[in-house]
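So the structure is just underneath, and the comments pick up after that.
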Amino acid sequence: MDLIRKYSSYTFIYVVGGGNVARSYIQAAANAGIDKQGQDMLGIEATRLNAMLFALILARNGLRSTNVRNIFEVHPYFLEQYQVIVTGGTIPGHTTDRVAVQCANKFGSDSVINVTEVGYIYDKDPRKHNDARVIEKIKGSELIDKWGLEHQPGMNLPIEPKAVQEAIEHKIKIYVIGPSIEDLEKIITGNGYKGTLILPE
């Protein structure tokens, strides 16, 4: 909250994921034999609940914030009315990572900051391999070659591959960092940070 207040001349758009809540619903739906589209719809509703909660917390703390159910129905001038706009998922097949990239393209930003629990992209899953190495900079095309482009509801990667593909198309950089306010501010100010930069190449 202090960071948002500090940079009051900025408009922040937060695209909130569904996290474990979404994955729990998706798994329950899969167990019940519900198809991928239905699973995605449940995940989207979880992101929207999280987004509404976050927007309400920000407003409760005196920030000009609002929750938008579908960010792509919003005209760009709408951004001028708020300091923070919070949104979640939109349609089945589009993760919140992809929504964030699409927001950057629609509203004229050349970068997206993706906050994750892990904080970096690694050469292999660090939760399974103790010798996993941090990747500080990588081309988006290399990640797509590594991960492929198949969409799975509730997929748990540092960034969704189709979001990376769209970022390449629109020349948008993606920063993957951990939940550190300091690193978030360092990206805003152009100073050093801990994380991975995905180049739109």
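Values in this text are rule-based calculations from the coordinates and carry no lab data. What you see is a predicted model, and the numbers here were worked out from it, not measured in a lab. Methodologically, a virtual Cβ is constructed for each residue, glycine included, from the backbone with ideal geometry; neighbour enumeration extends over all protein chains shown.
Listed values, structure above:
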item: Residue order, fewest to most surrounding Cβ atoms within 10 angstrom, among Arg69, Arg48; result: Arg69, Arg48
item: Net +/- balance of residues flanking Val16 in space, Cβ distance below 15 Å, scoring K and R +1, D and E -1; result: 0
item: Projected label distance in nm at Ile144 and Ile181, using a 7 Å step from Cα toward the beta-carbon; result: 3.8
item: Size of charge dipole - the chain - debye, nearest 20, with Cβ of Lys, Arg +1 and Asp, Glu -1, no other charges; result: 340
item: Partners for Lys6 among aspartates and glutamates (Cα-Cα distance below 12 Å; same-chain residues under 8 apart left out); result: Glu185
item: Residue order, fewest to most beta carbons within 10 Å, for Thr196, Thr87; result: Thr196, Thr87
item: Efficiency of FRET from Cβ geometry, Asn156 and Ala59, R₀ 30 Å, rounded to 0.05; result: 0.50
item: Taking the chain and dividing mean pair separation by its residue count, relative contact order in percent (alpha carbons under 8 Å, at least six apart); result: 21
item: Gain on full stretching of the segment that runs from Glu169 to Ser111 - 0.36 nm per residue minus C-alpha separation; result: 19.6 nm
item: Size of charge dipole - the range 110-201 - debye, nearest 20, with Cβ of Lys, Arg +1 and Asp, Glu -1, no other charges; result: 160
item: Qualifying GluC sites (Glu not before Pro) for the range 54-135 [loop in DSSP, other Cβ within 10 Å: at most 16]; result: Glu117
item: Proximal aspartates and glutamates to Lys186, defined as alpha-carbon separation beneath 20 angstrom and excluding residues fewer than eight positions away on the same chain; result: Asp2, Asp110, Glu117, Glu136
item: For the range 125-201: relative contact order, % (alpha-carbon pairs under 8 angstrom, 6 or more apart); result: 38
item: Ser141, Ser9 arranged by Cβ crowding within 10 Å, fewest neighbours leading; result: Ser9, Ser141
item: Sparse-neighbourhood loop sites, trypsin sites (Lys or Arg not before Pro) in the range 76-148 - DSSP loop, at most 14 other Cβ within 10 angstrom; result: Lys124, Arg127, Lys128, Arg133
item: Relative contact order (%) - criterion: Cα under 8 Å, at least six apart; region: the range 1-92; result: 38
